[in-house]
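Here the structure is laid out as structure tokens; the discussion comes afterwards.
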Amino acid sequence: MAQLLVKPELVIGGEHREASDGAIFEVRNPATNEILAKIPRATRDDVSAAIDGAESSFEKWSETPAPERAEVLYRVGESILREKNELAEILTLEEGKAFSESLAEVVEGYDTVMFIAAEGRRMWSYVSPSEQKEKICMVIRRPVGIIGIITPWNFPFSIPLWKIPPALMGGNTIVFKPASNTPLIAKMIVDLFERSGLPKGVLNFVTGPGHEVGEAILNNERVKMISFTGETKTGHRMAQVNSALLRKQVLELGGKNPIIVANDADLDCAIPAILYASFSNCGQKCTAGSRIIVEKGIHAKFVERFSKAVEVLRVGNGMQEGIQVGPLITEEARAKVESYVSIGKEEGATLLCGGSSYFDKERSRGHFYKPTVFDRVSNTMKIAQDEIFGPVASIIEAENMEQAIEIANDTRYGLSSAIYTRDLRSAFRSLAKIQTGIGYVNQGTTGAEIHLPFGGIKESGVGREAGEIAIENYTEKKAVFIDYSYAPRPWFFKEK
Ligand code: NDP
């Protein structure tokens, strides 16, 4: 087991410790299958203690002036930049993505923290006139309470940082459970906040399986909001409990994102961008461009150039120089991709490239799979409808733009979409008609900027994160009416 810079522990009420029954689970490097660390597997009592910690620190933290809360975030941001290489290294060791991609994710985390820290002196609301004389109305923001933050493994640094900073800035306290595949980078986040002066108990950290530890957070009535990113199936489960408890939620879920390549697309721009959208992080992105809908007139040219470009992608251990695509996260994830490739063949799609694992000594230790492209895919096929969450892209030919948009919308998901065209009218028409929360023109389906809202419609989620919505999510708005007339008011009936 490598010497790690991070100590796997629970953080409960500011105390770093093991699980109360001493149970552990292993976390492995997906590129080599080596054990990276043994992680505490929290019990239900540990989760309850974490919620106690969040409860007892709530009053003081929520009364701390927002600019003072922001100081903690600024210090976190500075530390992220200073320690970006160490953070990116753990991210790659644990998640598998190429080191350069990990660095970019760390920088996105920095951007988010700094963007939210500036809210410490904003968090604007409004003052309004009243219907009555000598009275003023305003809307003030109050914290929501204890926030349960439950996150996935594919962006294990940036996704928690979309959630934790705005939750703290809103004056809330937190119980944070990261994905069981990536608890180390999550613990580094918690350590960053602690070292930056966040008071004890404000950010509690529990690790362990979703169906136990996650459920214990989800089902606890003291938790006033759930902020979740993960699979649509898990999101449905969250929504059930949240609606029974009538609590706030943000759910960021799966995607099956279309990229339309119009007849007039500039392929020199489109091909490298679509490669990145489809295969970076080994296709394990909620925004991955997994359905490439190509207009008939450019289909043959696109297929030829795209499949050649896919074949030369450099796949390997993300810690090695020049690697573009790392492994899948687990053996189960690799097996899932393999089974979808078999399904695609049975469904009659044409396999253009990839379609198998690697059998060389180095890559067969990890969960690698060849970047795979299917052509002649019909949008009704399972490979075009299910979120495979791996390095598999499907090319679907469309007669014209109208049909391309119909195909784009024929899915249960609605997260991100893209169109490559030189025709502005066509671009704007597709932006208006495609049912997704995010739309790109002449860019792939990935590459969110944190000052804009992020999220999907349909089964891709409920609500948005980042942008101006971030603070909205983590505060309650209270309408306040102040009567400064000191005059007796008659009973108040409105007439028109
Ligand atoms: P999961 O839904 O399996 O897990 C996400 C988190 O929820 C993990 O921490 C998991 O714990 C936990 N969890 C699982 N079951 C429960 C439960 N019953 N109660 C409480 N918590 C639970 O998703 P993945 O981690 O596999 O992430 C991949 C998915 O995330 C993809 O579908 C992807 O599209 C989506 N995603 C969406 C994004 C968006 O913004 N729309 C962004 C990134 C990813 P454990 O790890 O222990 O199982």
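The values are calculated or read from the model by the stated rules, or taken from the named source; none is laboratory data. Not measured: the values here are computed from a predicted model. With ideal geometry, Cβ positions are generated from the backbone for all residues, glycine too; neighbour counts draw on all protein chains shown. Side chains are part of the model used for accessible areas, which takes the heavy atoms of the whole protein and leaves out ligands, DNA and RNA. Shrake-Rupley method; radii C 1.70, N 1.55, O 1.52, S 1.80 Å.
Tabulated values for the structure
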{"item": "Of all accessible heavy-atom area on the range 1-122, the percent that carbon and sulfur account for (1.4 Å)", "result": "47 percent"}
{"item": "Charge dipole (the chain, unit charges on Cβ, about Cα centre) - positive-most of 232, 167, 396", "result": "167"}
{"item": "Cβ crowding within 10 Å averaged over residues, with 177-185, 348-356 ranked highest first", "result": "177-185, 348-356"}
{"item": "Value at 222 nm in deg cm²/dmol, rounded to 500, when DSSP H runs of n ≥ 4 in the chain each add -39,500 (n - 2.57)", "result": "-11500 deg cm²/dmol"}
{"item": "Over 32 Å (Cα to Cα) - which of 433/496; 248/370; 233/370 fall in this group", "result": "433/496; 248/370"}
{"item": "By average C-beta atoms within 10 angstrom, highest first, the peptides 65-71, 324-330, 402-408, 380-386", "result": "324-330, 402-408, 380-386, 65-71"}
{"item": "Pairwise centroid distance, computed over Cα atoms, of the range 416-475 with the range 234-295, Å", "result": "10 Å"}
{"item": "Qualifying aspartates and glutamates (Cα of each under 15 Å from Cα of residue 256; at least 8 residues distant if same chain)", "result": "231, 386, 387, 406, 410, 459"}
{"item": "The range 354-466, accessible surface, carbon-and-sulfur percent (1.4 angstrom probe)", "result": "50 percent"}
{"item": "Probe 1.4 Å, protein heavy atoms only - accessible area per residue of the chain in square angstrom", "result": "43 Å²"}
{"item": "Global form of the range 23-119, assessed from the alpha-carbon gyration tensor, a/c cut-off 1.5", "result": "oblate"}
{"item": "Peptides 264-272, 133-141 ordered by average Cβ neighbours within 10 Å, highest first", "result": "264-272, 133-141"}
{"item": "DSSP-defined beta bridges in the chain - what % are antiparallel, rounded to 5", "result": "45 percent"}
{"item": "Charge dipole magnitude, Cβ of K and R +1, D and E -1 - the chain, Cα centre, debye nearest 20", "result": "900 debye"}
{"item": "Helix runs (DSSP H) in the chain reaching 15 Å along axis by Cα, Kyte-Doolittle at least 1.0", "result": "267-279"}
{"item": "23 Å Cα-Cα threshold exceeded, pairs from 133/494; 177/285; 177/478", "result": "177/478"}
{"item": "Selection from 312, 328, 206 lying farthest towards where the dipole of the chain points positive, charges on Cβ", "result": "206"}
